[in-house]
1. Shape verdict for the stretch 165-286, please, from the Cα gyration tensor: rounded (a/c under 1.5), prolate (a/b greater than b/c) or oblate.
2. Please label the shape of the stretch 6-139 as rounded, prolate or oblate, based on the square roots a ≥ b ≥ c of the eigenvalues of the alpha-carbon gyration tensor (a/c under 1.5 means rounded; beyond that, a/b larger than b/c means prolate, else oblate).
3. May I ask you to list the lysines whose Cα is less than 17 Å away from that of Lys4, ignoring any residue fewer than eight positions away on the same chain?
4. Let me check I've understood the local charge: for Val107, count other residues with C-beta under 10 angstrom from its C-beta, Lys and Arg +1, Asp and Glu -1. What total comes out?
5. With runs of 4+ DSSP H residues as the only contributors, calculate the mean residue ellipticity of the chain at 222 nm using -39,500 (n - 2.57) per run, divided by the residue total and rounded to the nearest 500.
6. Determine the gain in length on full extension of the stretch Asp252-Ser30; use 0.36 nm per residue of separation and subtract their C-alpha separation, reporting nm with one decimal.
7. In whole Å, what are the Cα extents of the stretch 106-192 along the three principal axes, biggest one first?
8. Using alpha carbons only, how many angstrom separate the centre of the stretch 228-259 from the centre of the stretch 32-68?
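Just so you know, all these numbers are worked out from the coordinates, no wet-lab data involved. As the structure is a computational prediction, the values presented were derived from the model and not from experiment. Neighbour counts run over all protein chains shown; Cβ positions are idealised from the backbone, glycine included.
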Amino acid sequence: MEIKKLSPQGYCGGVKRALKIIIDAQNNPSIKKPIYMLGNIIHNKSVIKKLNELGIKSVDGKKNRLELLDEIESGTVVISAHGASPDVFKKAKKKGLNIIDATCPNVYVVHNNIKKYLNNDFNIIYIGTKGHPEAEGVLGISSKIFLVSNLDDIENLKIAEPIYVTNQTTLSVYDIKDIFNAIKIKYSNAIIEDKICNATTLRQKVIMNQKADLCIVVGDKTSSNSFKLQQVCQNNAHIKSYLVENETELDDNWFKNVNTVSITSGASTPPEVTQAVIEKIKMISK
Ligand code: SF4
């Protein structure tokens, strides 16, 4: 069985930056401790575990960022690569917490564009995933931002023009086209800006241009971009695909009658986790 490692894959610039920011802060004696990640700084359990071992604390769970702040009374709070709403910054400041902002610059481009159009009295359609922290951060900017996740949401939407349309950075390049088209039909004058980031776009294009019988995507189940890679592979490239968090989730049966297997990983997956998956597949193929 041929094993092909797709490229690019793995850590994107925004994730590398966020990790450097938080580790540098932990190592800097002049920064107030303890250091807390407000929600997971990136969506990968093995990375969070390693950061916890360095002494960096996590607050996470089925709560939004504003609610999570109630669990922090002192020290430094780090805003994750997904960004946060203005109310989160205000509340952290009011509590006297030191704030370190690891929001990805690509996410800030989306925030800033939205603010520009809000200042010109536009309503905003934001295409994203309900409950995802990046969407939560954007929706907290204004009540004039309307989240849509699928075609039904657009059909049910009733808002006045002028309208500006933008999106979460980690969506599927292929799914979003249908949503943009539906918006164009309903609101023909809407200004649409696709803000799927380059890292996401490139990884999805590589998936589309590959030749394989099976594709293994390594990434956390909570990672939006990892999940989208698996979906693009399965639904758009029509290649059987599985999303695994680590090598223990591989099933020997998946590889029966497979001549070529490709491996890719999400933007928040550490290279050593992907390598362990590759080594296990090599063993299975013997
Ligand atoms: S996936 Fe894109 S937007 Fe998200 S952190 Fe990486 S570079 Fe930034």
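1. On the way: a/c = 3.19, a/b = 2.16, b/c = 1.48.
It is prolate, given that a/c is not under 1.5 and a/b is the larger ratio.
2. Details: a/c = 1.84, a/b = 1.30, b/c = 1.41.
Cα axes put the stretch 6-139 in the oblate bin.
3. Output for Lys4: Lys205, Lys211, Lys240, Lys256, Lys280, Lys282, Lys286.
4. Working: positive: Lys195; negative: Glu134.
Once positives and negatives cancel, what remains is 0.
5. Values: 11 runs with 111 residues, N = 286.
Here the helix-only value at 222 nm equals -11500 deg cm²/dmol.
6. Working: separation 222, 0.36 × 222 = 79.92 nm, distance 5.04 nm.
Here the answer is 74.9 nm.
7. Principal-axis extents of the stretch 106-192 (Cα, largest first): 28, 27, 19 Å.
8. 29
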